[in-house]
Each structure stands twice: as structure tokens, then as C-alpha cells.
Amino acid sequence: MDKNKYGDLVKRHTPKENRLYNGMLAFITGGLVGVIGQLLMDFYSYQFHIPATEASGMMIITLIFVGCLLTCFGFFDKWVNFAKAGLIVPITGFAHAMMSAALEYRKEGMVTGIGANMLKLAGSVIIFGVVSAYVFGFIRFMIFGG
């Protein structure tokens, strides 16, 4: 079989993705994560009588904890298959990436397993996030001044 026939065969049997549906689903589920985050902020702010800036830190910690817990129990991957980017893009996706790498390499020990491999996927996100924040901060400084 030549390459052209093989390429046509692969195209014919490759499932088509519905981008509009996936985009709307990701928008809705990501929005629900945002609503849950806002509800947690309001709850912490009201319950502990603290300002919203302190409650936001508690909300982020809660979402990270829930994302890690759901990853440990194996639910997060199933929900991501349904919700697509709606769960991966928020902080829950970052927690899932770190926890799944830690779970995968836990048999190799704390240092050479978990410590060395936990930031494999999330490390690039941190690096590019810090570099882009520096670049855009520098551009903003140059345009608008101090």
C-alpha cells in the first residue's frame, strides 16, 4: 500500500471532532469551576470574616486539594474526558498534572521518583508562565512607565 492510499484510509476512519460542541462544553464546565471558586470565596469570606483577598487564597488551596484528591481516586481523568479543557485550564488541571506525575513515579522513592518527576509536565507551564509574565511586565513598564 502506498502512502497516499494509506493517508486516505486514515482520514476516512479518523473520528471527526465537533469543535463547537467541545468549545461550548469547555466554556460551560470552566465557567462552573469559576462559579464554584467564587462560591468558595464568598463562603470563606463570610464564615471566617476575612477580606476577599485572603479568601481567594483559601479558595485556590481548596480547588488544588479537590483536584489532587479526585486525581488520586481516578475520577479526574474520567471527568476531563467529558469536560475537555474546561477542567484542564483552571488551577485544577495544574494540580492534576502534578499529582498524576507524583502518583506515576511514587514507587521510585520520594527524591528520585516523586521529587524528580512531579514537575515534569507542570515545570514547563511554570517556566513559560514566569518568562511570559516577565516579558509582558517589561513591555508594560516600557510603555506606561513605573
Name the lysines eligible as straight-distance cross-link partners of LYS107: C-alpha to C-alpha under 18 Å, and not fewer than 8 places from it in the same chain. LYS120
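Put VAL89, VAL125, VAL135 in order of accessible area, largest first, 1.4 Å probe: what do you get? Please report the intermediate quantities before stating the final value.
Numbers: VAL89 115, VAL125 85, VAL135 65 Å².
Final ranking, largest accessible area leading: VAL89, VAL125, VAL135.
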Helix 3-13 vs. the chain, principal-axis angle (Cα, 0 to 90°, nearest 10): 60 degrees
Hey, what does the equivalent ellipsoid look like for the stretch 50-95, semi-axes from the Cα gyration tensor as sqrt of 5 times each eigenvalue, largest first, whole Å? 23, 11, 6
Over the chain, what relative contact order in percent results from Cα pairs under 8 Å that are six or more residues apart? 19 percent
Surface per residue (accessible, 1.4 Å probe) for the chain, Å²: 76 Å²
Integer Hz, Karplus 6.51/-1.76/1.60 couplings in order for the stretch 26-33, x for Gly and Pro: 5, 4, 5, 5, x, x, 5, 4
For the stretch 112-146 and the stretch 75-92, write down the distance between their C-alpha centroids in whole Å. 23 Å
Before rounding to the nearest 500, sum -39500 (n - 2.57) across all DSSP H runs of length at least 4 in the chain and divide by the residue total; then give [θ] at 222 nm in deg cm²/dmol. -26000 deg cm²/dmol
Compute from the Cα atoms of the stretch 75-146 the Rg and the Dmax, the latter being the longest Cα-Cα distance, and quote both in angstrom. 16.6, 51
Please pull out the direction-averaged projected area of the chain, using the convex hull of its alpha-carbon atoms, in nm² to one decimal place. 15.5 nm²
Over all directions, the stretch 1-80 yields a Cα convex hull whose mean projected area in nm² is 8.4 nm²
Using the Karplus curve 6.51 cos²θ - 1.76 cosθ + 1.60 with θ = phi - 60°, what ³J(HN,Hα) values do you get for each residue of the stretch 116-131, in whole Hz, with x for Gly and Pro? 7, 10, 5, 9, 4, 7, 6, x, 5, 5, 5, 4, 5, x, 5, 5
Applying 1/(1 + (r/R0)^6) with R0 = 25 Å to the Cβ-Cβ distance of VAL135 and GLU54, what FRET efficiency is obtained, to the nearest 0.05? 0.25
7 Å from Cα along Cα→Cβ at both GLU104 and ILE143: what's the point-to-point distance in nm? 3.8 nm
Quick one: with all protein chains in place, what share of the accessible area of the stretch 1-141 is carbon or sulfur, to the nearest percent (1.4 Å probe)? 71 percent
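The values are calculated or read from the model by the stated rules, or taken from the named source; none is laboratory data. Not measured: the values here are computed from a predicted model. Neighbour counts are summed over all protein chains in view; Cβ atoms, including those assigned to glycine, are modelled from backbone coordinates with ideal geometry. Calculation scope for accessible area: heavy atoms of the full protein, side chains included, ligands and nucleic acids excluded. Shrake-Rupley method; radii C 1.70, N 1.55, O 1.52, S 1.80 Å.
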